[in-house]
Amino acid sequence: MSNVTYISGKEPHSREHRLIFRNIDRKGYDPGLKCYLKDGGYEQLKKAVTMEPKAITDEVKAAGLRGRGGAGFPTGLKWTFIPPTNTKPVYLICNADESEPGTFKDRYIMHQDPHQLLEGMAIACYAVGAKLAYIYVREEFPHAARILEEAIAEATKAGFLGKGICGSTFDLELYVHRGAGAYICGEETGLIESLEGKRPYPRIKPPFFPAVLGLYMSPTIVNNVESLCHVKHILAMGGAEYAKLGTPNNTGTRILCVSGDVQKPGYFEVQVGKVTLGEVIQDLCGGLKPGRKLQAVIPGGSSAKVLRADERFKLKRGDEMVEIGLEDIPMDFDSLAACGSMAGSGGVIIIDDSRKISWVLNNINSFYAHESCGQCTPCREGSLWMKKISDRIVAGKASPDDVATLESVANNIEGKTICAFGEACSWPTQSFIRKFREELVADTREELAGVPVNHETTLAAANLKN
Amino acid sequence: MVTLNPTTHAYLDGQLLAFQPGDTILKFVDRHKGRGFVPTLCDAPQLDPYGACRVCSVEVALKEDGPRRVVASCHTPLSAGMHVHTQTQKVQKLRRNIVELVLTDHPLDCLTCEVNGNCELQTVAAKVGIRKVRYPEGKNHLNRQKDLSHPYMTSDLSKCINCSRCVRACDEVQGQFVLSMHGRGFDARIIKGFDTSFEDSECVSCGACSQACPTSAISDIFQSKAIVATEKTRTICTYCGVGCNLDVATKNNEVLSIQAPLDAEVNFAHTCLKGRYAFRFYNHPDRLRKPLIRTNGHFEEVTWEQAYAHIVENLTRIRAEYGPDSIAGISSARCTNEENYLMQKFIRAVIGTNNIDCCARVCHSPTAFGMQQSFGTGAATNSVEDLQHTQCILVIGANPTEGHPVTGAKIKQRAMKGVPLIVIDPREIEIVKYAKHHLQLRPGTNVALLNMFAYFILEGGMVDRDFVGSRCENWSEFEAGLRSLDLDQIEEVTGVPREKVRAAATEYAESPASMSFHGLGVTEHSMGAKTVMLIANLAMMTGNIGRPGVGVNPLRGQNNVQGAADMGCQPHQGAGYMRVNDPAMQRLYQDFYGMPVSGEIGLKIPEMFEAARNGRLKALWLMGEDVVQTDPNSEAVKESMNALDFLVVQEIFMTETAKFANVILPAASFLEKSGTFTNAERRVQRVNAAVPPLEGTKPDGQIICEIMQHMGYPQADYTADGVLEEISRVVPFFKGATWEGLGDNGKQWPVKEGNVGTPIMHLDSFKRGLGKFHFFAWQESQEVLEHGLEFPYILTTGRLLEHYNCGTMTRRTGNADIVVEDVVVINPADAAKKGVTGGDWVRLFSARGEVRLRSRISEEVKPGVIYTTFHFPEHLVNNITSDVHDSDTLCPEYKVVAIDFERVGSGDEPAGLPIREKGRAHTLPV
């Protein structure tokens, strides 16, 4: 591996552990099949097709792989949800609708190392018994779609996809499907509807659990791009060996996408839980900008609950509870959940004291109001009202009561919608108000309490100011 | 004390109650507490659970004090022992907050809104206790434009609450996919087609969206959801054999609007635009309101007594002079069972002849005859409900989305859910889009094709030998017939490649439950009855009889065509299908009627026309039938009418036939009378008068009773329940039927004592004992043999969704603004040969006559085949149809007419006929 060299300025940090991103920004590496094969490409697929499908699932389970798309659900377990008595075709869908604000890992894989994804998918398809798989690529990634299509053509020609893969009886057809620009298509049932050619309204669960009634009412496994890439490495290393990476129940590596107010934002592949949030900011990203103080961190994509810089958290370490500060939070699924937020999609957003907190919240609310699909009443109406009220706060046209109204709208959405978008859009508001109530109230004006508001003028003012 | 049955009980607000398997929480609550106890905005009983408004949220726990979870009750399944809390503070607050959000973007003009008092949003808002809206006024959608473009449908989307019920109704109920949601979040809004108006969309105006809409966002010109009605009457639609139940809203004895009841087993909140909207014919100014007698070539208004006296005098004279067999009656499949029963009783017991027939002659007489030969009963073996259980649907010679829209929609829905659909039809009709197999045969070759179909079942070793062995007879003759087939010849005459037939036959035979439907494309042929027997063969050889999801199921054309035959309106069988020429049966009828009856089989309709022309038939009584417009070869029919001594017509409008009458009696429409209709699945349903007869008119049943009385027969006055009781004493399969016992949803005959119906027939044995196989070799129609060289194109006829038969009723409603004319459909290759482009006027001519129609060029017909409809008397398409009949039943061969055609002018030039510019998208020239 020592011969691997990277583009100047893109070298991995010493704290990184590169599996998935080994070839990203690597010197002389291209997305073509030749390049991939030179580096041991498709060897794992060759091995996989000689194994029992169940053995692969067992390896993935043993590896403890958790989904990298946002929810962190155990991938191997998900695969076993396909009913054993199933007689319908099984589909696998790669969710490449990477659209959570603050997240930019999957696009690197698709742009620079597409065959890694194809190999991971092929292995996963073999394991779950899928003969047809789709990569659902968001509209905003036209190059990724083109690159993947070229890669699929190459791989099919070389016998890694199509009929009788690697000399086995395993057939797999793989298609790229492009989205049309809606965040909701990242939600797996919305994605499935969209893939079926329909409006991406998420489906009700029950009864439409994808592993039972998914694409075309058949069992369907939906996995994230990064998750599927990990499958290849799990097979290469063996599940048990892979599980030694990271920390217990938070195994392997994952890619953190750091953005916001740091010296060197970017991607970092680290062992899960082996670096703390403080190390991410100070070590990996070279610290905050000169003279700035940390104000807050959103640790897992814009929908993750915000953490306040001076917050104290209680965390279990061994058998005892310890109190830690924000910089000591290990970047893993369980710790971030214990701290009241989530690891989510790996998008870490750093907010320093130059940012007005009401502006940050309004920015997020504007996004979710724009992306609510409109199916469930609380979310359709509520996400817009959250934006309207935070618009008002930013514009200095809000009364102090508006903060309470804002909070009640958010409480009215969380857990009351068909899909998790309800949580995604209400958690920011709920957590910002809980942790920054004073700051938000300070942006309102006492004298406006009880004064009827003409909303349109405040909206215009808000737009001007931003 | 109630004991907890772990599989059947759950707690509802602390009370242990039973639920049914598959119940959602909301269904369980609705059943025990009534609809609305838990409010909802997006759920509707006729639609699949949706879960979007969240107003129906409840708290659930697995144990009494267990942790509670908020769930939407409409789609969450109930589990045994679950604790459901519907009224906690938490869910009440949630409901209030949601409705409050909805109200921020809804006009608060309740008092002037058409649905005030019947608005679900209003009801829910009141129920959850909204007192004020905390949100300041902001951007909203209150200024959206109304859409008043359509003859029926309207929309005012400023009232829309984005519940998607209309979209789901369009998708799940009708299957038209016209409505959809556009944009997302706050910008989400309902659109029609590609964001056009109702008028310009592909909407078929079934009104399911309007009925499903909880507000007045989507409505109709009748404002059907307004509560101005003072009364609602449940009755049965008069338009086709589906037998949709209708709720007719009336005020001051006027019909305001029609909706489809939610608890109707037949149509479950669905009906087509004819049933829901095409009712304004009933009080149209054209309605006949006075009896008319022709004097010196003119009709003169007379009193009922004068009319009766005139009739009695003439009928008595003719009977005395020429004998009872010089008189005949034609009954109507549009009228009730009771009226049909009385009509045949009048002809048989009072006149004394078996010259009684009805319009089943020209549509499904081959079905009745053919199925009697095969099974012993001439009626559908199964129910439409069986579509939910079948695993393969075979549709032969029927266009259900146009002819039987509610059944058609159900077939479409099943096909969309993956049930394989086989369509045997010369045209690419709407359901072909959803079909797995389409066998597009040349008109007139059904027998050849079905023989090949059966051959492949035999050849593929897919015959159900057990069923054939134990329940059928005559197999070996049939098998020998199949083995003698010349497949090359069949391929050539049908134009269908054998491999396609083999694939379809395999699909049908290998499915665990296959169900066939057929229509007039089967019966209206020279080998019509034989084709029906071949369909019966298919069902028997694959064991598809006598269980759910199988059978042979004719789609009857008229609302009561089943009933008219059941009641004995046919010349060879009396009420209950007993043979008139069987002396024992003759005695039975004689004793029952208290009058001598004839033992001679009477005349069928075409024989009546011939007898009239020959001078043997002197008098004809027509009840609700326009034979001049609807029977083939109109010129010949007119000649027959002219030749009659005396013609009585009972009608609601002045029809082409009525113009020939000596006496016209103004009858009442279905909205003004009571009785029963029997639908295509043998379901006897109650028709209830919603309004009294228009002044001067009388229900047909009353007219017949009164004429019987005037002729000296002691018939009691007409009451629906009274006549039904009389019928139940003579018709064996009505034995258990009583007016009360039929209930809201009717009963399927045979109705056994105690009002027990029969959804599936021939369970363990056939009515005739063993089911009988028949083999028939295909023969070319006489029409093609005689005229095919001179007139090389084959015209086949059908009908449209918007119009009913000759349009007497539908042309007097808004439907006439949707489809304005009959159009001829020509394949592009044929059109090119004749220099015809879309919209051109075309002259079609046959050995009988000619018609001029505008053209539509489409590949829905193959080269050599021409298609049109016969709804408009201006065109009188039957001027060219043939005299060839089914050899067994004399049903006319409307489906095979040898014609030729030529272009006579461009579409802009009037060809002596009025052209109107509007029309349903697919009927316009392309």
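Nothing in this text is a laboratory measurement; each read-out follows from the coordinates by a stated rule. Note that the structure is predicted; figures quoted are calculated from it, not measured. Don't worry about glycine lacking a Cβ; one is built from the backbone with ideal geometry, like all the others, and counts go over all protein chains shown.
Figures for the structure shown
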read-out	value
Cut-off under 5 Å, modelled amide H: who pairs with residue B:423 long-range	B:395, B:437, B:438, B:439
Interchain or long-range residues, amide H under 5 Å from residue B:867's placed H	B:796, B:825
Per-residue HN-Hα couplings for segment B:444-451 [Karplus 6.51, -1.76, 1.60; θ = phi - 60°; Hz; x = Gly/Pro]	x, 10, 3, 4, 4, 5, 5, 4
Förster radius 25 Å - calculated FRET efficiency between residue B:284 and residue B:642 (Cβ-Cβ, nearest 0.05)	0.35
Value of relative contact order over chain B, rounded to a whole percent, pairs C-alpha under 8 Å and six or more apart	13 percent
Efficiency of FRET from Cβ geometry, residue B:874 and residue A:236, R₀ 56 Å, rounded to 0.05	0.10
Charged-residue dipole, Cβ positions (Lys, Arg, Asp, Glu), the protein assembly as shown about Cα centre, Debye nearest 20	3260 debye
Relative contact order of chain A, defined on C-alpha pairs under 8 angstrom at six or more residues apart (%)	15 percent
Amide hydrogen neighbours beyond the local backbone of residue A:222, cut-off 5 Å, H modeled	A:93
Test item: B:69-75 mean partner chain Cβ contacts at 10 Å	3
Theoretical FRET efficiency, 1/(1+(r/R0)^6), r = Cβ-Cβ of residue B:789 and residue B:385, R0 56 Å, to 0.05	0.70
Per-residue mean of C-beta atoms belonging to partner chains within 10 Å, peptide A:194-205	3
Qualifying GluC sites (Glu not before Pro) for segment B:34-106 [loop in DSSP, other Cβ within 10 Å: at most 15]	B:64
Per-residue Cβ neighbour rank within 10 angstrom, fewest leading, B:24, B:336, A:103	B:24, A:103, B:336
Folded to 0 to 90 degrees: helix A:421-442 orientation relative to chain A principal axis, Cα	30 degrees
Sequence-distant aspartates and glutamates (8 or more away, or on other chains) whose Cα lies within less than 17 Å of residue A:274	A:16, A:241, A:283, A:327, A:328, A:332, A:334
Chain lengthening between residue B:37 and residue B:196 when straightened (0.36 nm per residue, less Cα-Cα)	53.5 nm
Contour excess over end-to-end distance, with Cα ends at residue B:837 and residue B:92 and 0.36 nm allotted per residue	261.8 nm
Filter on A:198/B:747; B:618/B:767; A:105/A:416 - keep pairs with C-alpha separation over 32 Å	A:198/B:747; B:618/B:767
Label-point separation, residue A:356 to residue B:15 (7 Å along Cα→Cβ), nm	5.6 nm
Selection from B:869, B:835, B:847, by position along the positive dipole direction of segment B:830-874 (Cβ)	B:847
3J(HN,Hα) from dihedral phi, segment B:298-304, Karplus parametrisation 6.51/-1.76/1.60, rounded to Hz, x for glycine, proline	10, 8, 10, 5, 9, 7, 4
Unit charges at the beta carbon, dipole of segment B:782-905: most positive-side option, B:880, B:898, B:814	B:814
Label point distance in nm, residue A:43-residue B:108, each placed 7 Å from Cα along Cα→Cβ	7.2 nm
Sorted by Cβ density within 10 Å, fewest first, the residues B:511, A:259	A:259, B:511
Distance (nanometres) between label positions extended 7 Å along Cα→Cβ at residue A:5 and residue B:601	10.3 nm
Chain lengthening between residue B:123 and residue B:477 when straightened (0.36 nm per residue, less Cα-Cα)	120.7 nm
Chymotrypsin sites (Phe, Trp or Tyr not before Pro), loop per DSSP, at most 15 other Cβ atoms within 10 Å - longest free stretch of chain B	B:195-926
Listed residue (A:304, A:250, A:408) projecting farthest to the positive dipole end of chain A, Cβ model	A:250
